[in-house]
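Every number here is computed from the coordinates shown, using simple stated rules; none is lab data. Computed from a prediction, not measured in an experiment: that's the story for all the values here. In this analysis, Cβ positions are derived from the backbone assuming ideal geometry, glycine residues included, and neighbour counts consider all displayed protein chains.
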Amino acid sequence: MRGAFGKPQGTCARVMIGQVLLSVRCKDGNSNHAQEALRRAKFKFPGRQKIIISRKWGFTKFNRTDYLRWKSENRILPDGVNAKFLEQYGEVSMLDIKGADASKVILVVGIMTLHSFGEGSGVGVSFAGSKGLSQGLLVTLAIAVHNIPEGLAVSMVLSSRGVSPQNAMLWSFITSLPQPIVAVPSFLCADAFQKVLPFCTGFAAGCMIWMVIAEVLPDAFKEATPSQVASAGTLSVAFMETLSTMLQSFSHGYSSEDASGFLVSLLFGLGPLLGGIILVAFSLAFFVQHSLLTGMASGIAFLLAAWRPLQLLASSKMGFFTVTILLVAGSALYHMFTSSILRVAPRRKTSVDNLASSGLSVSALTLQSFFACMAIILHALAEGLALGVAAPKAYGLGRHMVLPVSLHGLPRGAAVAGCIFGATDSWRGALAAAGLTGFAGPISAIGAILAGLDYSGLDYWMVLACGTLLPSFSTVFQRALKLDTRKSTCGLLMGLGFACVCLTSTRLVCLHTPYCNSAPEAVT
C-alpha cells in the first residue's frame, strides 16, 4: 500500500465485509509507519465499519487519544464506528523515548546489564585462581578496557534518541553495576562459580553477538557507508586482539615484579591531571589573566627543561659538551617540525577560513601553545621510559611510589593546563590537555616494560626531550610579553617557584624515605 508519504510504507490494508484490518509488514518491524498511515488516511466505506488492530499481523499498539483526534478531524466516519482498543498494551516508553526506539533502548540496556553478570563472575573467579592477586588485577584491567566500548555503545544509542548526556552516562554506569555485585559472591564461592563460569561467559558473548548483529550494525549502516562500517569494525577488532595478546603474554611471560611495574606505570598518569586541576581551580578562583597563565606555564617548562640536565652535570654522568649538543639537537628538531607544519598550513587556508567562520578562532598563539604541549608530551614520554625500566623493582605493588610520582608529575600537568587555558580561555580544554599528558607517561612506561628495556641510553633521550621545551615555550613567552610584560614576568617567576617546590619536595621525599629506592631516576 502507498500511504500518505507517496511511497511504500510497509503497511497494508485489507478490505473485508464490515471491517478494515490493518497489519504491519515493515522491514524493521516498526509499527510507526502503519500508525502514521492511519493518522493521515480517510476511510470512505459505507455502513458500520470496524477498525481492528490485529496483534497477529504485528500491529500491537493502538492509542485512544489518536482515535479521538481522528474522529474530531473527520478521519473516521461518525456514523457508528466500533473500535477495538488494546488498552492493556500501553505504548513502550523510557526516558522520554516512545515507541520502537524505546523498545530498542530497553533491549540494548537490558542486554548490556545481563552481559555484565558474566563479566563479574569472571573477575571474582580470577582473584580466587592459582595466581591470586596478579591474575585478578590483569583480568580486571582487561575487562575495564573492554567496558569502554560497551559504555560508548549504550551512551550513543541513548544520545542518538535525544537522551541528555548526564542520563546517558548514568545508564552506562548502571549497566556495569552487576560486575562488582557479582564479583564478590563469585570470589567467596569460587568453586561453585567455577562450574557455571563457562555458561556465564558464553551467555555474555551470545548477548553481545546478537546485539551487534541485530541492533548496532543496522544502525551503523543507516548513518555510514558499508566501507566506513567495515573499516571501523576492522580497526576495533585489531585493537582488541592486540590488547588481548599483550595481556595474555604479560600474564604468562612476566614475573610479579613486572606486574608491579605495570601498576606503578598506571599511577604515573595521576600527577599531570592533578596539576592541571590545581592550576585551573586557581585560575578560576582568582580570575587570573591569560598573560599571567602563559608566564606560569613558561616558567614551569623552563625549570623542567633544566632540571634533569643539571642533575646529570652535577653527578658527572654526562659531560657539558654532550648535554649542550643534545639540547641544541632537541631545539633543532622542534624547529624542523614546527616549520614543516606551518608550511603546510597555507595550503589549507580554506579549512582555516571555515574554522574561523564557524566560530573557532585559530590564532598564532593558540597554534604555538599546541606545539608547546606536544613538547611537554614528548618530555613525559621520555620520563615514562625511565619509570618503566625502574618500576618493576618497586615493592608492595608500587603503592609506596604514588606520592613521589604524583609530585613529580604535577608541574607537567600545570604547564600544559596553563598554556592551553591562557591561549584558548577554555578550562575544559586545559583539563583535557592535562589528562592527555598524563596518559603519555603510562603508555611509554608500559612499552618499556613489555619491550624489556634497560636504563642505558635513556638519559640521552631525556636531555633531547628537554631541548624541545626551550624553543617551544620561549616563543609562547615572547608573545605573552607583548600582551603584558609585568604580569608575564610575574607569572614566569611563579611558575619557576611552583615547579621548584614540587620537584624539591619529590627529592626530599626520596631522600628521607625508601619510597624511591627502586626507581630514583624516574622520580627525581
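Length gain on complete extension for the stretch M240 to T225, per 0.36 nm per residue less the alpha carbon to alpha carbon distance?
3.1 nm
By how many nm would the segment from D425 to F286 lengthen if fully extended, with 0.36 nm per residue of separation less the alpha-carbon distance?
48.6 nm
Multiplying the sequence separation of C490 and I174 by 0.36 nm and subtracting their Cα-Cα distance, what value in nm do you get?
Full extension of this stretch gives 109.0 nm more.
Taking the beta-carbon count within 10 Å as an exposure proxy, list R507, R412, R428 from fewest neighbours to most.
With the sparsest Cβ surroundings first, the list reads R428, R507, R412.
Check each of the chymotrypsin sites (Phe, Trp or Tyr not before Pro) in the range 441-479 and keep only those in coil by DSSP with at most 16 other C-beta atoms within 10 angstrom; list them in order.
Values: sites: Y455, Y460, W461, F473, F477; in loops: Y455.
When the chymotrypsin sites (Phe, Trp or Tyr not before Pro) of the range 441-479 are filtered for loop state and at most 16 Cβ neighbours within 10 Å, Y455 remain.
For L310 paired with M336, estimate the spin-label separation in nm (one decimal), with each label point 7 Å from Cα along the Cα-to-Cβ line.
Here the modelled spin labels are 3.0 nm apart.
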